[in-house]
Every structure is written in structure tokens, then in C-alpha cells.
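Engineer: One structure, pasted below without further comment.
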Amino acid sequence: MLVLGKLQPEVPNPLPHQVCLGPFLPFSVEGRAGWQGTHSLRGLSSQSLLLLPPQAQSHPITRRDLFSQEMPLDMALASFDDQYAGCAAAMTAALPDLNHTEFQANKVYADGWTLASSQWQERQAWGPEWSLSPTRPPPPPLGFRDEHGVALLAYTANSPLHKEFNAAVREAGRSRAHYLHHFSFKTLHFLLTEALQLLGRGQRPPRCHQVFRGVHGLHFRPAGPGATVRLGGFASASLKNVAAQQFGEDTFFGIWTCLGAPIKGYSFFPGEEEVLIPPFETFQVINASRPAQGPARIYLRALGKRSTYNCEYIKDKKCKSGPCHLDNSAMGQSPLSAVSSLLLLLWFLAVRAFPDSPGLL
């Protein structure tokens with residue numbers, strides 16, 4: 001077990017350089033253990049993924065350039081969109097071994113997770129001073145674990161991880177085999193998905209959000225007003241118009257999302273007021289314009305959710321020898337609630353009345 005305190009040289013540390021430590025925090029290792037999730041930090045669960053498996057090997061990751069000139073805005077059918085309905089507990093149990101494998105295969109992921117886990121440990125170590133920090137998150141919802149916080153920090157860090165990850169997410173749904181054998185972000189995909197689900201359920205009452213998303217160097221081509229689309233990956237947006245503009249104005253979105261969750265307290269950059277939208281949320285194109293000069297403007301309103309895949313990793317590991325009883329309610333198209341639909345109607349009327357209003361986009 002890892003605890004705060006002085007170094008105890010009489011206790012061997014088999015892998016001292018492989019534990020992610022904050023720059024101001026002394027740790028000591030007491031005893032030896034395997035890499036099946038039995039190491040822990042004080043205050044963290046024994047299954048915590050904040051401990052890093054053996055040193056990651058460098059393997060280059062091949063990905064499509066996300067910053068080509070144009071990209072269609074459609075249902076992103078090649079995107080991996082698993083919602084893990086009915087298998088969250090089984091996925092959680094599988095994470096230590098899965099995380100170990102992905103650290104060895106994916107250096108970008110390993111480096112990003114190392115950076116994020118260090119930041120998470122530093123924030124936790126601030127103790128009472130943390131309660132005075134503007135970056136302190138609200139009390140986490142039931143079921144929210146340390147690894148969820150680290151996953152969100154890893155995604156929002158200024159590192160190559162989020163670009164590599166989203167590039168892989170956009171392609172991993174090409175086939176089940178492609179996800180199982182070539183997608184080395186399974187841990188991060190699950191943790192981000194579950195984190196957004198937990199944060200969304202923790203909002204009382206359930207809320208939809210008007211957000212803004214700026215994109216640099218990429219023009220999206222929607223099919224036209226009325227088309228149903230998805231964003232294809234985990235999409236960062238902001239509650240603040242100005243903050244979104246800083247990320248680019250080649251394409252600028254005004255989005256009403258009901259599955260995106262505010263992650264300000266779990267971001268490296270809380271001032272951005274970020275809302276993270278999952279890849280399985282569906283939207284209707286309300287309006288789109290592509291002027292000769294200036295950004296393309298696209299207005300989207302939430303419709304519901306749609307997934308092609310569900311619990312694919314667990315099915316592969318657990319269901320080969322017998323049937324699996326999983327909840328498949330996430331599959332297909334799920335509409336919004338009546339309350340959310342009413343709010344969307346009011347927002348839609350405002351957009352139609354003031355399509356160029358800076359307050360809306």
C-alpha cells in the first residue's frame with residue numbers, strides 16, 4: 001500500500017519510477033503486490049486506477065488527420081458509441097487488467113494518464129485549502145470514483161491525448177473486431193462515458209444546457225436543416241460564448257445538449273466552463289450557414305441518443321461460453337423527455353427569431 005510519510009528503505013520498492021506522484025508529495029511503498037488493482041493510495045479505493053502499470057512502451061498510433069479542410073456532419077456511423085448499459089459493474093471489475101494492457105500498448109494514453117493522476121493527487125492533498133479553491137468540484141454524485149476524475153482531467157489536459165483519443169473513437173465503430181483489436185482507449189472511453197452519465201444523473205432537476213463550440217481549421221458540412229446528426233466523438237463545448245471562440249471560428253456551433261455534463265470542477269482549465277458531450281447524443285440541425293467570409297454557423301438541438309454498440313468488451317470476455325443478460329435499452333434511438341422537448345421548443349423559437357444574435361451564438 002502507498003501511504004504518505006518518510007521513505008522506508010527497508011521495504012523494497014519494485015517499481016519506484018512507475019507510480020505517478022505529485023511533485024510536492026512524498027510517498028513510501030509498504031510491501032509488494034501484483035498489478036491486479038491491489039496497490040492503492042491513502043484515501044483511494046483498492047481498485048483505483050491512479051496507480052500506473054509497468055512502464056508503457058512506445059508504439060506509434062496511426063490516426064486520420066482531424067484537421068482536414070472539410071468533414072461531413074452526419075450520424076458518424078463509424079464512431080464507437082457504447083453506453084455500457086447493463087455492464088458497468090463488469091467493466092469496472094475488468095479495468096485493472098485492461099488498463100495494464102493499454103498502458104503497455106499506448107504511450108499517448110499512458111503519458112496523459114500520468115499527468116492527470118499527478119494533478120488529481122495534488123488537488124486531493126490540498127486538504128482543507130481545497131475547499132477554498134475556485135476549481136474545487138461540487139460533491140461528486142453517488143458512484144463517482146477517483147478514476148472518473150482522473151479520466152476527465154486527462155481528457156482536458158493540454159496534451160496530445162484528447163486528439164488521439166477522439167480520432168480513434170471516430171474510427172473504432174467501423175466494426176466490432178476493429179474496436180476489440182485496434183482500439184487502445186477502452187478504459188478511457190468507458191470512464192468518460194460513465195462519468196458523464198453519473199454527473200448528468202447528479203443534476204437536480206435534470207438539466208439541458210445551451211453551449212457553444214468553436215472549431216479551428218475544420219469546416220463541417222451538415223446535410224441541411226432537419227437532418228439528424230451526431231458529433232462523432234466526445235465533444236468539448238462551453239457555457240460561455242467567448243470561451244468557445246478562443247478554440248476556433250472556422251466552424252461555430254450553438255448547441256442545446258441534454259446528455260452533455262458540466263465538468264468545470266474536473267478540468268485542467270475550469271475557467272472555460274466546459275460541458276462535455278458524449279458521442280451517442282443525437283441532434284437535429286436547426287439552421288446552418290456558410291458565408292463567403294467568417295465562420296460557418298451551425299445550430300443543433302438535442303433529440304435523444306442512439307448507439308450501435310453495447311457492452312462489446314464484456315460480451316467478448318464473458319459471453320463466449322454462455323448467454324449474457326444485459327440491458328439493451330441504450331440501443332437504437334431514445335427520444336427526449338416531455339420537459340426537455342418543451343425547453344428545446346422554446347430555444348428553437350428563439351433561434352428562429354434571432355438567428356444572428358450574439359447571445360445565442
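Engineer: Taking the Cβ of ASP81 as the centre, find all other residues whose Cβ is under 11 Å away and add up their charges (Lys, Arg: +1; Asp, Glu: -1).
Structural biologist: Every neighbour counted, the sum reads +1.
Engineer: For LYS320 and GLU70 in one chain, what is 0.36 nm times their gap in residues minus the Cα-Cα distance, to one decimal in nm?
Structural biologist: Full-extension gain reported as 85.9 nm.
Engineer: Another one. Would you mind classifying the range 248-313 by shape? Square roots of the alpha carbon gyration tensor eigenvalues, ordered a ≥ b ≥ c; an a/c under 1.5 is rounded, otherwise it is prolate if a/b is larger than b/c and oblate if not.
Structural biologist: oblate
Engineer: Going 7 Å from the Cα of ALA227 along its beta-carbon direction, which residues of the range 292-315 have the amide nitrogen within less than 14 Å of the resulting point?
Structural biologist: Flagged as within label range: 297-301.
Engineer: Would you mind working out the magnitude of the charge dipole of the range 155-208 relative to its Cα centre, with +1 at each Lys and Arg C-beta and -1 at each Asp and Glu C-beta, to the nearest 20 Debye?
Structural biologist: It comes to approximately 200 debye.
Engineer: Please report the relative contact order for the range 188-296, taking Cα pairs under 8 Å with a sequence separation of at least 6, and give it as a percent rounded to a whole number.
Structural biologist: With pairs under 8 Å counted, the relative contact order is 35 percent.
Engineer: So, in Å, what gap is there between the alpha-carbon centers of the range 260-279 and the range 75-97?
Structural biologist: With the range 260-279 and the range 75-97 each reduced to a Cα centre, they are spaced 21 Å.
Bear in mind these aren't lab numbers, they're just calculated from the coordinates by the rules spelled out. Remember, predicted model here, so these are calculated numbers, not experimental data. As a convention, Cβ positions derive from the backbone with ideal geometry for all residues, glycine included, and neighbour counts pool all protein chains shown.
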